[in-house]
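These notes are about the structure you will find just below.
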Amino acid sequence: MKLLCTADLHYRLPQLDWLVEQAGDVDVVVIPGDHLQVVGAAPLEVQIVVVSKYLQRLSERSLVLASSGNHDLDGPGPTGEQATEWLQGLASERLVVDGRSTDLDEVRFTVCPWWDGPQTRQLVEDQLASAAIDRPSRWIWVYHSPPADSPLCQAGSKAYPDPDLAAWIDRWQPDLVICGHIHQAPWVDGGGWVDRRGSTWLVNAGHQPGPMPAHVVIDLEAGSAEWVALPDRELVAMEFGQ
């Protein structure tokens, strides 16, 4: 199974076009959040229409896992805290979004929402606890923000850690967590695009301008992950369960 992972596209339509072109060559496309751009782009209601069409097009070519990020919130949800209702409305068998899991070839994928307060945080914890029941041989999470104590959350002079995710990883030990959020992480001193927390692999492709987004291609059968971000390229062996 081959995964194409990118994030933080922020309404860059050339990058979405590139992703649609590549989607037919992989089994799963993973986009952990920040599909929209809050400032400096088209009105959010327009962005939502356009990005929704792109996600649906992608799902015609590959299984798509799309979580929300902090730029994707569109108002209070059922808890009264901010949520991403527009993304929820796109859910289908081929487009797996916030709060849902799906199994494919003995791999469970769990897609977590961006949470905005204690109630939505609790929903994420409950989601992970439920998905942990009878988990298959591999478990992969899609979660916008990288965990604390990782080079993936380094933005240069400052880090943006997520201690809750770190605690959940320690508790449930998934095989892989695919993140985004911190654009600069792969290029800054002390940063990186790949890391390990215990037995759990972590990736964050970062964000770059241009028609091709920074991305990571993960081959689960070969046990490899390749990061591509012009002009950079790096390949690592990614063995699970060790």
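All of the numbers you see were taken from the coordinates with simple rules; none came from a lab. This structure is a prediction, so every number in the text was calculated from the model and none was measured. Cβ placement follows ideal geometry from the backbone for every residue including glycine, while neighbour counts extend to all protein chains displayed.
Descriptive notes on the structure:
- A count restricted to segment 58-88 and to residues that are more than 18 Å from the chain's Cα centre (by Cα) and within 20 Å of Leu16 (Cα to Cα) stands at 2.
- Scanning segment 113-165 for residues that are surrounded by fewer than 17 Cβ atoms within 10 Å (Cβ to Cβ), under 18 Å from the mean Cα position of the chain (by Cα) and of a type outside the set (D, E, K, R) turns up Ala155, Tyr160, Pro163.
- Sub-7 Å Cβ pairs linking a first residue in segment 139-168 that is of a type in the set (D, E, K, R) to a second residue that is assigned to a loop (DSSP other than H, G, I, E, B), at least 6 apart or interchain, are Asp149/Pro161; Asp162/Ser145; Asp162/Pro146; Asp162/Pro147; Asp162/Ala148, ordered by first then second residue.
- Listed by position, the strands (runs of 3 or more DSSP E) enclosed by segment 132-242 that each have at least 1 residues that are within 19 Å of Gly99 (Cα to Cα) and in contact with an Asp or Glu (Cβ under 6 Å, 6 or more places away or on another chain) are 138-142.
- Hits in segment 208-242 (condition: touching a residue at least 12 places away in the same chain (Cβ under 8 Å), more than 17 Å from Val26 (Cα to Cα) and not hydrophobic (A, V, I, L, M, F, W, C)): Gln208, Pro209, Gly210, Pro211, Asp232, Glu234, Glu239, Gly241, Gln242
- Pair list, Cβ < 9 Å and 6+ apart or interchain, from segment 78-93 residues that are on the phi > 0 side of the Ramachandran plot to residues that are not in a loop (DSSP other than H, G, I, E, B): Gly80/Gln119
- From the list Val30, Val51, Val97, Val39, the one residue that fits, being among the β-branched types (Val, Ile, Thr), at negative phi and surrounded by fewer than 20 Cβ atoms within 10 Å (Cβ to Cβ), is Val39.
- Looking across segment 202-225 at every residue that is closer than 25 Å to Asp162 by Cβ and surrounded by fewer than 21 Cβ atoms within 10 Å (Cβ to Cβ), the one that is nearest to the chain's Cα centre (by Cα) is identified as Val217.
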